[in-house]
Amino acid sequence: IRVGKIHRTGRKASVSEEWAIHNPTGTYQIKDGREILVDPIPNADPTAIRLLLLGRMMAYLLRQRGWLPLHAGSVAINGRAVLLLGRSGAGKSTTTAAFHMAGYPVITDDVAPVRMLGDRCMIIPFLPRLRLDAKSRRLMKEQATGGVLEWDAKYRFELAQCPLPESLEVQQIYVLEDGDEIESQPISPIAAVRFLSAHCFFKRRMMDSAAMDSHLRDCIAIAGHVSVRQLT
């Protein structure tokens, strides 16, 4: 990760290169799965830049390394991973925090990198932390250190938990939805591909055809091997 001047071209993002513009902080260029160049706006908040680098920009870099960076929370249950997808505000981080308070280790919060290795879908742990709004913050009580208020009005908690393996097998993916009844319904593989693609750090309109093909192949492979259900 380094600071430098970015000369944006009109090219769409590819399998190995991507650009991102974040008006409050600056422009970012991610290349070859190994470099992130930052061109900050004068007087940009360094904590906001840090948050983006550890979140969205690292997700783009992982995509270039062959991972599918889902926008999800995940926890370890009996040695396997359970992922929680959903729109912004659906309760991904809140539900992940509730599992944490019940004694289940957090694998990821926000960026969940998954990929097929043989016939198994694997996830790599990504920062043992939670970011919660003021209402959900009350879940944490005294069992986590920190609770630092960040620039986007969320509180960051660094979690004290036992180290996780380098990777875990994904057993179940849930898509969170609001509803009047608590229930879990299966999602067809075709619909699962759509949900995986929608809840991913992937700017579909900004990608070239080769990157789009690669992205869809990843979504299809995972939907074909992992159970995806709607959790209402």
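Considered as a group, the residues in segment 159-184 that are open to solvent by 40 Å² or more (accessible area, probe 1.4 Å) and either farther than 20 Å from ILE77 by Cα or within 15 Å of the chain's Cα centre (by Cα) (or both) include one that is modelled with the highest pLDDT, and that residue is TYR174.
Considering segment 118-146, the residues that are on the phi > 0 side of the Ramachandran plot and in a loop (DSSP other than H, G, I, E, B) include one that is modelled with the highest pLDDT, namely GLY118.
The residue that is most open to solvent (accessible area, probe 1.4 Å), counting only those in segment 86-108 that are part of a helix (DSSP H, G or I) and in contact with a strand residue (DSSP E or B) (Cβ under 6 Å, 6 or more places away or on another chain), is PHE99. Scanning segment 3-31 for residues that are in contact (Cβ under 8 Å) with a residue 40 or more places away in the chain, part of a loop (DSSP other than H, G, I, E, B), of a type outside the set (A, V, I, L, M, F, W, C) and surrounded by 13 or more Cβ atoms within 10 Å (Cβ to Cβ) yields LYS12, SER14, SER16.
Assessment of segment 32-51 against the conditions (within 30 Å of VAL228 (Cα to Cα) and surrounded by 19 or more Cβ atoms within 10 Å (Cβ to Cβ)) yields at least one matching residue. Here GLY66 fulfils each of the conditions (1) part of a loop (DSSP other than H, G, I, E, B); (2) modelled with pLDDT under 95 apart from (2). Among the candidates MET206, MET212, the residue that is hydrophobic (A, V, I, L, M, F, W, C), under 30 Å from ALA20 (Cβ atoms), surrounded by 12 or more Cβ atoms within 10 Å (Cβ to Cβ) and at pLDDT below 95 is uniquely MET206.
The values are calculated or read from the model by the stated rules, or taken from the named source; none is laboratory data. The structure displayed is predicted, hence computed values, not measured ones. Quick reminder, even Gly has a Cβ in these numbers, built from the backbone with ideal geometry, and neighbours come from all protein chains shown. Ligands, DNA and RNA are stripped out before the accessible areas are found, and what is left, the full protein with its side chains, is counted by its heavy atoms. Shrake-Rupley method; radii C 1.70, N 1.55, O 1.52, S 1.80 Å.
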